[in-house]
Every structure is written in structure tokens, then in C-alpha cells.
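Below is one structure, written out as C-alpha cells; the observations come after it.
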Amino acid sequence: MDERQHLPILLVHGGAWAIPEEAKAAHEAGVRAALEAGYAVLERGGMALDAVEAAVTVLEDDPTFDAGRGSFLTSDGRVQLDALLMDGGRMKAGGVACVERLRNPIQAARLVLEQSPHVYFVGAGAEEFARSHGMKLIDNSELVLERERERLAQAQQRAAAGLADDTFSGEPDDKSPETAVGMLSHDTVGAVALDAAGNLAAATSTGGTLNKTPGRVGDSSLIGCGCYADNLAAAVSLTGWGEPIMKLVLGKWATDRVAAGTAPEMAAQEAIEYLYNRLGGHGGMILLGPDGRFGLAHNTPAMAWGVATPAGMRTGMRVEGC
Ligand code: ASP
């Protein structure tokens, strides 16, 4: 933190994939609601960390997205959630993975960040930690939507008929349709913020990939993969097929480039190119530097995103090539 006042800024994303026409309005509305909640925190002089938590909480509560209630289901029909947030000023992080009984895993991650000497909890231990710090445990069925039961059944039928590759590796020689066009939905949510005190924060929350094997953890909640923040570098949140992103530790890769002097606009683009060129991966990212410059990039047909600054709010469905 330095002595100067910074212009606060908040960026959010609601996934990057071939978002169908009929789903675009819901994605934009969700992104806008998240910006409003998060930016209200920054406008009253609040912390970047509080802003990203508030924004992601709104997105977790919105069943449009693959986070919180309405998430994709595991192969055995349950919701298993992963979330991480990071405070780039204090260099503190908190994460949870494979939680099934929490409505807002990002709030559990915040409790880990603030209340624990540890950084990361999984499964029953994470739920017990959250419960012992005041969070309500719910039944997993409260997070499951009929829409997702049907989606899972269809995916499993396709897999049984050999029409889809749900064990996608993300390697360049993987010829599954998902590799080629990134058509599978990636509705993971995330936010990055810079507050008036000059601190950066990032948060990412997900239900993971459709039909995932129970216990699988993706990139979203792993430090430096789907989320990272450091005041001396940048703040980043990603979405996309997690396995290639994890192998490249792509969030940290991008923030390191900003620290080395690359503009965030360029670093985000380079990171997504690296994801594709090295491992044939698809995804998107939002990247925010300590000076308020930001970049967003994706190599999927669309990405739901929004930005709020003192000049106002902008949301969009950024399409490839823009
Ligand atoms: N990155 C997430 C995961 O692999 C999925 C997504 O972004 O949609 O768990």
C-alpha cells in the first residue's frame, strides 16, 4: 500500500465459452449485479478484498453461473464447489475445494484467509472449519437444479455413445470436440479489484467441469492457477478447462509478466495464446495491474465480463478477436 489515493476499479467475469444467444441477457444481468455489489464497497472506501468477495457472492447466488447453486454436477449427481480469494496487499490467501454443504464457498475461503494459519481446506474439513466459524451447512440437494440433472444425463448419454470426451486432457493431440471449439460451457465466476488505498485482490469460484469425477479439483481455487493477486504484480481470475490452466500455472504466469513490465492488455492476450499454443487449452482471463490498467482475453467464442470505474459501468459479451 502506498500513500496515494487510487481510482478504484472492479472487473468481473461470468465464464468464457460459446454462450448461446438466449443465455446472454442472464449472463449480462448477473455480471451487472455483481459489479453493483462489489463497486458499492469500493465507492465507500472499502477494501478490494471485500469488493471481490461481495461480487463473487452475487454470482454464486445466481443460478445462471457454474458457481454456488446451479453448478454443474459431478458424475454421481452432486454439486462440489471450489473457491479461492487472495489479498495482494497482505499476501494472504484462503481457499476451499470439494465442498458440498456451503451456499457461498467464497465466504468460507474468506474465513480461511482471515481466521486460519493455513491457506487451503478441502471436503469435510473445509465444511467443518466454515461451520465452526459461523457458516450454515446446508443439504447438497439445495444446490442442485433440475436443469443440471438433465444436462448431466445428456452428457453421460453422449459419453456412453462415444460422442464426447469427458476425460479431455487438454493436450494438443486431444481431438475431442471440446478441444477444437471450446463449446462446453465454462461458467466459472471471478473478480479482480484495486481499491483507493492501492491494494489488489482477486477471487474465483466454480462448480468445476460437467460430469467431473468426485474429488476432482480444477484450476479455479488453486493459487497462481485460476486466481492470484500481488500488489507488486497484478490480480487475475481465470475460467476455462482447468487441467491445462493448472499445468501452466497460468494466473501467476500472467501476473509475472505484468511485474516484468508488460501491459496487462498484452499480458492477458499472451497468456491465452500460451495456453493454446502449449497445451491446446481454451479459456479466458481478467487481469488488473496496480496502476489500474487492465486486460481481458479469451480464445472461446464469447466471454461474459464487466468493469466498474469512477467513470461508470460497462458489461459485455466480448467476442473472439475483439
Ligand atoms: N476452470 C474451471 C474448472 O476447471 C471450469 C470453468 O472455468 O468453467 O474447474
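The values are calculated or read from the model by the stated rules, or taken from the named source; none is laboratory data. None of the values given here were measured: they were computed from a predicted structure. Positions of Cβ are backbone-derived with ideal geometry, glycine not excepted, and every protein chain shown enters the neighbour counts.
Below is a table of values for the structure above.
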{"item": "Residue within segment 275-287 that is surrounded by fewer than 24 Cβ atoms within 10 Å (Cβ to Cβ) and of a type in the set (A, V, I, L, M) present", "result": "yes"}
{"item": "All strands (runs of 3 or more DSSP E) inside segment 74-126 with 1 or more residues being more than 18 Å from residue 139 (Cα to Cα) and touching an Asp or Glu at 6+ places or on another chain (Cβ under 8 Å)", "result": "81-87, 92-99"}
{"item": "Residue match in segment 12-20 (condition: in a helix (DSSP H, G or I) and surrounded by fewer than 24 Cβ atoms within 10 Å (Cβ to Cβ))", "result": "no"}
{"item": "Qualifying positions in segment 275-302 - modelled with pLDDT of 95 or more and of a type in the set (A, V, I, L, M, F, W, C)", "result": "275, 279, 285, 286, 287, 288, 294, 296, 297"}
{"item": "Matching entry among 229, 233 (being surrounded by 24 or more Cβ atoms within 10 Å (Cβ to Cβ) and away from the ligand (no atom under 12 Å from the Cβ))", "result": "229"}
{"item": "Tally of residues being within 16 Å of the ligand (Cβ to nearest atom) and either in contact with an Asp or Glu (Cβ under 9 Å, 6 or more places away or on another chain) or more than 22 Å from residue 287 (Cα to Cα) (or both) across segment 1-15", "result": "2"}
{"item": "Every pair of residues 6+ apart whose Cβ atoms lie under 6 Å, when the first sits in segment 293-322 and is within 21 Å of residue 231 (Cα to Cα) while the second is among the aromatic types (Phe, Trp, Tyr) and at pLDDT below 95", "result": "none"}
{"item": "Selected residue (only one of 247, 252, 212 is of a type in the set (Lys, Arg), free of Cβ contacts under 8 Å to residues at least 60 places away in the same chain and within 16 Å of the ligand (Cβ to nearest atom))", "result": "252"}
{"item": "Breaking point among (1) free of Cβ contacts under 8 Å to residues at least 40 places away in the same chain; (2) acidic (Asp, Glu); (3) closer than 20 Å to residue 110 by Cα; (4) away from the ligand (no atom under 14 Å from the Cβ), for residue 219", "result": "(4)"}
{"item": "Residues located in segment 284-313, provided they are at positive phi and part of a strand (DSSP E or B)", "result": "312"}
{"item": "Enumeration of residues in segment 21-45 that are surrounded by 15 or more Cβ atoms within 10 Å (Cβ to Cβ), out of contact with any Leu (no Cβ under 7 Å at 6 or more places or on another chain) and touching a residue at least 60 places away in the same chain (Cβ under 8 Å)", "result": "27, 28, 31, 32, 36"}
{"item": "Scan of segment 305-321 for residues that are modelled with pLDDT of 95 or more and hydroxyl-bearing (Ser, Thr, Tyr), ordered by number", "result": "309"}
{"item": "Test for residue 56: is it within 16 Å of the ligand (Cβ to nearest atom), part of a helix (DSSP H, G or I), at negative phi and within 18 Å of the chain's Cα centre (by Cα)", "result": "yes"}
{"item": "Criterion (crowded, with 20+ Cβ neighbours inside 10 Å, modelled with pLDDT under 95 and either within 13 Å of the ligand (Cβ to nearest atom) or more than 28 Å from residue 26 (Cα to Cα) (or both)) met by exactly one of 184, 163, 238", "result": "184"}
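Conditions tested, residue by residue: (1) farther than 30 Å from residue 155 by Cβ; (2) surrounded by fewer than 23 Cβ atoms within 10 Å (Cβ to Cβ); (3) away from the ligand (no atom under 14 Å from the Cβ).
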| position | (1), (2), (3) |
| --- | --- |
| 50 | yes, yes, yes |
| 69 | no, yes, yes |
| 73 | no, no, no |
| 82 | no, no, no |
| 88 | yes, no, yes |
| 91 | yes, yes, yes |
| 94 | yes, no, yes |
| 97 | no, no, no |
| 121 | no, no, yes |
